[in-house]
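Values quoted throughout were computed directly from the atomic coordinates according to the rules given, and no laboratory measurement underlies them. Source: prediction; values computed, not measured. Heads up, the Cβs are rebuilt from the backbone with ideal geometry, glycines too, and the neighbour counts pull from every protein chain shown.
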Amino acid sequence: MIANWFKKIISKNRIDPTGNKEEQDINDLINFLWKQIDIPANATNLKAKAKIFDTYSLSKKKEFLPELYLLFEEHIVEKNIINQLSSKIIRDKIIERYAFLNTYENFYLIFQSSSEQELTLCRTFLFSVLVKSEELVGGNNDPKIVNIKNYLHTDYNFKTIDLIKERKKLLEYSTEIFQRIKNSLGINAITNIYLLIYKSYFQSYHLLDSFTGILNVIPEEILAKDLINFPSKQQMLKMLQKQLYSMEEINERLTKEIIERKKVEEDLKHIEHLNTTILETAMDGVILVNSNGTVLNWNNQAENILELKREETIGRSVYSLVPRKLRYALQNSFSNYIKTGTDELINKRVETSVNRINGTVVHIELTIIAIKTKEDFLFNAFFRDITSKKVIDNEIREAKVIAEKSAKAKSAFLSNMSHEIRTPLNVILGLTGILQKSDFSTPQVDKKNLDGIQFSAENLLVLINDILDFSKIEAGKLTLHNTDFNVLELIHNLSRGFRIKADEKGIDYTVDIAPEVPKFIIGDQLRLNQILINLLGNAIKFTHEGKVTIEITVGKILKNQITLNFAVKDTGVGIPKDKLASIFESFYQVHKPGKNKIEGTGLGLSISKQLIELQGGKLKAKSKPGIGSVFQFSIQYTKSQFKSTEKNQKSIISNQDTTDISGMRVLVVEDNKMNQFFLKQLLLNWNIEVHLAENGKIALEKIEHSVYDLILMDMHMPVMDGPETAMKIRKSPNAAIKQIPIIACSADVFPESKKKAIASGMDFYLTKPLSEKALEEVLFSLQPKGIKGRTSIKTEVSPVKNLVNSSSIKTCDLSFLKKTFDNDKEIIQSVLQIFIDETPLDYQKLKDAVYQNDMVTSKQIAHKLKSSFKTIGLSHQTQLLQKIEQNSAQNNDSKVILELFKQLEESFPQIIKDIKLSIKELDS
């Protein structure tokens, strides 16, 4: 049994449950255990124990609970031997079902791992010896004993403890305790203490596999006297049936029964076997050598790591098995430690490498522990393979270098972009300022200024497109759009512009197309155009004399496939060999010593390379400084069914005729009156029949009763928004309705909005204010077959009237309206009047929502107003509304939204005045 003083010793100030509930929990546990074994015939001893246990008080039941539980566990395992139900599985199940057992320190150790159990038993055993000895002598002030006692009473952190060192320390403490108590009490008294405590532990824990670990802390003097019997487990069970429960009887029995030496040796062999098993199953390689370096032991993991069998190494010198550098280090370390007791390599953790027989290098983490024996020093080496870790570390270092290099490149890129973007912006702003002050009395000068603005804007667009394409490629979101196109026309159209640039620099520009190159192919025309613009642009940029040539030949031809080979050659400055591999890196820009920096994003070649690879090709470059460069790539295209007749060619390459879309029936679903009017007038100019719906619900009703060729759908509307309406249309049982093309029209520029539109079933996504050209192209591409056979729909379109020179407006820019409606006064006046009529009401709603902290309404109204403001060129106010919408959607700080609205509020009265003035000026 566990004595009361022992319970106090191992208590860790846990709250001990008391009362009837606790006793009921223990009884429930015993009943549950009985159900697991169905009271077998061989459970006589268990029945007797349980019967006595039932008579105990609560405190005594808690004291004897470990002993009774382990008996139950043994029977349960025996019963379920076929099902391989282990003790661990049973214990996990018990502790999960009866969590209160965690509060019993004498029981909790049962649920520890085997190694944890062994250390806990040894520590508490030694602590019990100290406490019992103090009871006999009335306390012990020996400083050494006090320090040991404090250590033994300290909690373990089993996650960080070194098991080998801890076992060694407990053995040292055991010897120290025995010697000091023996000196003060005598051998007989100390022997009786050990036997008394051993009996207590034996009674409760002898069925634990780890129980034999207690033998490690029982001094050899007691073991040598054969005063303790260490039988096998089965014999222990039989002994327990006959043993008396008093400590005196157990003590007498243990002293009279002398165990045969052979039996002790067998038990010691068993312990040695356990130690060997631990060694052989260790995850680290373990090598034991003597002071001369002779290998004494070599475990399985050492075989696996170094690929040397144990029998090949035992008795050999370890120095012959390691590299020369490590050999000298080991020799010096062993010698130093034997002489001085210290060394940089011994009892330290170091990283080194060794060579296998096949020459493979293995990186290891090595720890060498010195062991002092009676005759000599032994050195135990523990090591693990960290080759994979080294590879990962190297990859991390390389990634860090690449990341730092990329960061520097991006930093340089941003610095360059600040210059590249400012240059065209300065031109645009400068020429715009000149035009604003102009009275337009010199059309030729004004046209040159406008051409300059357009040229700079196009350059700026190229820069931005490069950045956007690079972002898409890096994110893996860039897709190819394959269509039939005239590759010869594409080359000639490109060449017109580049030939002009070549002439300006005084260099020749030639096009060499093999006669077998087909006119029509199926592929991504836009991406091929983008690749060639980058390559030809670079060629002309870096060529100051000589010529630039583009060559196209036919490569491999299959049944439905044809490969085209492209080559761009120049006689420019060339690229040094050491920089040739770097030109395809992102943000790479050429710097010439003593010359100005070459302009550009540093993304052109990188984007071109990735676009070519996306189409299954590969971009190659050859160059010599002072001679020139050649860039070559091949792309496999699908053969087109288009015939190379003049008629077909004309139909492919001619400008789209708006008469092809005349007669279409289009439903415009838009809640903003101004946007409704804008879209209606734009479509009426193309002779398209237009119907209007203020929300998705009305649109669905109209679709049920009328036939439409196409739907223009706003994303955000009351009652039913665009995505919900599109999904209902796509789920319609009516096949004709289900297949109507839907174009999303939204002021949102966020990628998430576009994804949401496409996911709901919409076919295209256009941003407001709508580009006339973009809308026309989409309508042309989606026109239904047979539309030309319809009777044209007569619509009344206001005659086109050119606007006279109007006064400039401070707050708004009507250039978009003028361009869209071809300077038609009446239409522009109507758009502006709708803004005057509708916008103040929505503005007041937005104001109320902002001041009332109504985020939902703020978001809806801001979105609605945004497109109206954008249409009449109120760019700053559009940005403010965009930010109000975004912050409201994210439920950000209301103070931020209020501050944004106040900025809008400052300019709104002037906006209304300016628009009213514009309407009057249009009348004049």
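Can you check what the Kirkwood hydrodynamic radius comes to for the range 818-862, Cα pairs only, in Å to one decimal? Display every interim value, and only then the final one.
Values: mean 1/r = 0.0827 Å⁻¹.
12.1 Å is the Kirkwood radius here.
Can you tell me the FRET efficiency between LYS448 and ILE557 if r is taken as the Cβ-Cβ distance and R0 is 41 Å, rounded to the nearest 0.05?
Numbers: r = 49 Å, r/R0 = 1.20.
So, using R0 = 41 Å, E works out to roughly 0.25.
Pull up all non-local amide H partners of PHE377: gap of 5 or more, or a different chain, and H-to-H distance under 5 Å with H placed in the peptide plane.
Those qualifying (amide H under 5 Å, at least 5 residues apart or on another chain) are SER291.
What pairs in LYS754/LYS916; LYS697/LYS895; LYS448/LYS870; LYS680/LYS920; LYS132/LYS169 have C-alpha atoms more than 29 Å from each other?
Values: LYS754/LYS916 35 Å; LYS697/LYS895 36 Å; LYS448/LYS870 27 Å; LYS680/LYS920 23 Å; LYS132/LYS169 21 Å.
The answer is LYS754/LYS916; LYS697/LYS895.
Compute the FRET efficiency between GLU905 and SER732 as 1/(1 + (r/R0)^6), taking r as their Cβ-Cβ distance and R0 = 60 Å, and round to the nearest 0.05. Mind showing how you got there, number by number?
On the way: r = 45 Å, r/R0 = 0.74.
Efficiency, from the Cβ-Cβ distance: 0.85.
Can you give me the C-alpha center-to-center distance between the range 902-924 and the range 62-126, rounded to a whole angstrom?
Using only Cα atoms to place each centre, the spacing works out to 86 Å.
Rounded to the nearest 0.05, what FRET efficiency is calculated for ILE513 and LYS169 with R0 set to 60 Å and r the Cβ-Cβ distance?
Details: r = 87 Å, r/R0 = 1.45.
So the FRET efficiency works out to roughly 0.10.
Would you work out if the range 676-753 is rounded, prolate or oblate? Take a ≥ b ≥ c from the square roots of the eigenvalues of the alpha-carbon gyration tensor; rounded if a/c is under 1.5, else prolate when a/b is larger than b/c, oblate otherwise.
On the way: a/c = 1.61, a/b = 1.03, b/c = 1.55.
It is oblate, given that a/c is not under 1.5 and a/b is not larger than b/c.
Go through the range 285-301 residue by residue and turn each phi into a ³J(HN,Hα) via Karplus (6.51, -1.76, 1.60, θ = phi - 60°); whole Hz please, and just put x for glycine and proline.
Couplings: x, 10, 10, 9, 10, 8, 5, 8, x, 6, 6, 9, 8, 7, 7, 4, 5 Hz.
Can you run phi through the Karplus equation (6.51, -1.76, 1.60; θ = phi - 60°) for the range 116-121 and list ³J(HN,Hα) in whole Hz, with x for Gly and Pro?
5, 4, 4, 5, 5, 4
Given H placed on each backbone N at 1.01 Å, which residues far from TYR765 in sequence or on other chains put an amide H within less than 5 Å of it?
ALA744
Determine the shape class of the range 719-784: with a ≥ b ≥ c the square roots of the Cα gyration tensor eigenvalues, call it rounded for a/c under 1.5, and otherwise prolate if a/b is greater than b/c, oblate otherwise.
Details: a/c = 2.34, a/b = 1.21, b/c = 1.93.
In terms of gyration-tensor shape, oblate.
From the backbone phi of the range 332-340, what are the Karplus-calculated ³J(HN,Hα) couplings (6.51 cos²θ - 1.76 cosθ + 1.60, θ = phi - 60°) in whole Hz, Gly and Pro given as x?
Per-residue couplings from phi come out as 5, 5, 4, 5, 4, 5, 4, 7, 10 Hz.
Give me, ordered by chain and number, the residues 5 or more places off THR294 or on other chains with an amide H under 5 Å from its own placed amide H.
VAL318
Pop a pseudo-label 7 angstrom from the Cα along the beta-carbon direction at both THR387 and ALA774 and give the gap in nm to one decimal.
Output for this residue pair reads 5.7 nm.
By its C-alpha gyration tensor, with a ≥ b ≥ c as the square roots of the eigenvalues, how is the range 658-789 shaped: rounded for a/c under 1.5, else prolate for a/b larger than b/c, else oblate?
Details: a/c = 1.40, a/b = 1.14, b/c = 1.23.
Rounded, because the longest to shortest axis ratio a/c is under 1.5.
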